[in-house]
Amino acid sequence: MSAGTITVTNGSATVTGTGTSFTTELKAGDFIGVIAGGTPYTLIVASIASNTQLTIGAAYAGPNASGLAWSGVPASLLYAVNQQIMNDMGTALRGMNSQLVNWQKIYSDAASVTVERPDRTTFTGPSWGYMANQFTSKLDKTQNLNDVSNKATAWNNIAQYGTTSTTAARGDDTRLNTIDGKSGGTMTQGTGLIAISAPFSNVSTGQNLDSPIIRSILNGRGGYADARGSLFGFYTSEAVGTTGKGNLIYSGFGAQKYWAFEQSGNAVSQGSWVNGSDERHKSNIKLVPNALKEVLSWRGATYDKKDGEPEVGLIAQDVEKSCPIAVINTGSRTFSDGTVIDDFKALNTSGAAAAYHTEAIKALFNLVELALAAPEKALASIDSIKEALASESAS
């Protein structure tokens, strides 16, 4: 707070002070912050007559009040805060405009469009309009081929039926009654379940075998046969001596999804890993402390990994200092170059980022509000955070 108290009068541009030093604490263009009648007011200084009298830029619109504590706010500080807010808003608006451009492309009829992701990488593919147009002249499956004028010719074009190895088998083909002559695995059959397996190829010897597969086929639901079956399987795909991956696939009930486990150690899926987060499942809920200070001590980085592709994210040891619950010790890990890392640390990146970044943003908003009402307190709070970071860095 600045020295002394002030008196303001509704409809008047004159401010009088008691025990004030207007000529040394303020200059034209600076601001005065007061709270009158429970409402904060920000008054701009037009001119200063003496240490105890000044004129503001517009008549005061609040209630008459005297003996008010006041704070002088340098114009440069308020302008800097406002400029930063405008800069942040500009960044957000540019991002929104970029997404509008992306969506405009997606909604077009172009055969190929290129959109820019938030990380500035690009993706090229067909637009929605183009894909929709590809189906306008296709057969309507709800017609059950009734819109085909010559069904016999259509069947012959689809497949050539017969009883020999180069022809397609009909449902009554005797070749479907046996697995004689087949190799590469076993078949067992139980109630509503068929499991098929094949041996895995020997990658260490460089033997390039067909991709093995393990499947579980469920005929019907709950042991009851119906027309809707499902399949869940595991198979590998590889180029011997270069790269390989294991694949999980689900197919059934009108949907097909896969999950791929890459040789790099990454896992890729068509969907997202969704964690349970219902408040009713949780107890002892506590907000993470000192979120802004802790986030400022973390490194958001790109990095190369042993036996893996370059990635972007956080460092487990940085987060562990402030949130050890987010870090898991997974034991020793040996890499292809012979390096052994004991007590290898795994990080719950999404959980730590969600909690700390949320609370850090809230802390930043509190600082902005404090800077407008009491800039000296805001600066002191910032200095406190900087000192804590410097102390941790020195230790």
Please work out which residue is nearest to the chain's Cα centre (by Cα), limiting yourself to segment 63-82 and to residues that are surrounded by fewer than 15 Cβ atoms within 10 Å (Cβ to Cβ) and either more than 16 Å from Phe22 (Cβ to Cβ) or polar (S, T, N, Q) (or both). Asn82
Is there a residue in segment 369-379 that is within 29 Å of Met89 (Cα to Cα), free of Cβ contacts under 8 Å to residues at least 12 places away in the same chain and surrounded by 15 or more Cβ atoms within 10 Å (Cβ to Cβ)? yes
Does Ser393 satisfy the criteria of being farther than 30 Å from Asp30 by Cα, in contact with an Asp or Glu (Cβ under 6 Å, 6 or more places away or on another chain) and small (Gly, Ala, Ser)? no
Hand me the list of strands (runs of 3 or more DSSP E) wholly inside segment 260-314 holding 2 or more residues that are small (Gly, Ala, Ser) and surrounded by 11 or more Cβ atoms within 10 Å (Cβ to Cβ). 267-269
In segment 8-17, which residues are surrounded by fewer than 16 Cβ atoms within 10 Å (Cβ to Cβ) and either part of a strand (DSSP E or B) or without any contact (Cβ under 8 Å) to a residue 24 or more places away in the chain (or both)? Thr14
Within segment 83-113, take every residue that is over 25 Å from the mean Cα position of the chain (by Cα) and surrounded by fewer than 12 Cβ atoms within 10 Å (Cβ to Cβ) and give me the one that is farthest from Ala132 (Cα to Cα). Gln83
Might you check whether a residue that is at pLDDT 90 or above, loosely packed, with under 12 Cβ neighbours inside 10 Å and under 30 Å from Pro74 (Cα atoms) occurs anywhere in segment 384-394? no
Checking Tyr60 against (1) buried (at least 17 other Cβ atoms within 10 Å of the Cβ); (2) in a strand (DSSP E or B); (3) within 48 Å of the chain's Cα centre (by Cα), which test does it fail? (2)
Within segment 357-395, tally of residues that are acidic (Asp, Glu), over 30 Å from the mean Cα position of the chain (by Cα) and more than 24 Å from Thr39 (Cα to Cα): 2
Being farther than 20 Å from Leu78 by Cα, surrounded by 15 or more Cβ atoms within 10 Å (Cβ to Cβ) and small (Gly, Ala, Ser) is the filter here, so list the residues in segment 22-52 that pass it. Ala36
Could you tell me which numbered condition Asp109 fails, if it satisfies all but one of (1) out of contact with any Gly (no Cβ under 6 Å at 6 or more places or on another chain); (2) touching a residue at least 24 places away in the same chain (Cβ under 8 Å); (3) over 30 Å from Ala3 (Cα atoms); (4) not basic (Lys, Arg)? (1)
Can you work out which of the residues in segment 327-346 that are within 23 Å of Val268 (Cα to Cα) and touching a Ser or Thr at 6+ places or on another chain (Cβ under 8 Å) is surrounded by the fewest Cβ atoms within 10 Å (Cβ to Cβ)? Ala346
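The values are calculated or read from the model by the stated rules, or taken from the named source; none is laboratory data. From a predicted model like this one, the values you see are computed outputs, not experimental measurements. Quick reminder, even Gly has a Cβ in these numbers, built from the backbone with ideal geometry, and neighbours come from all protein chains shown.
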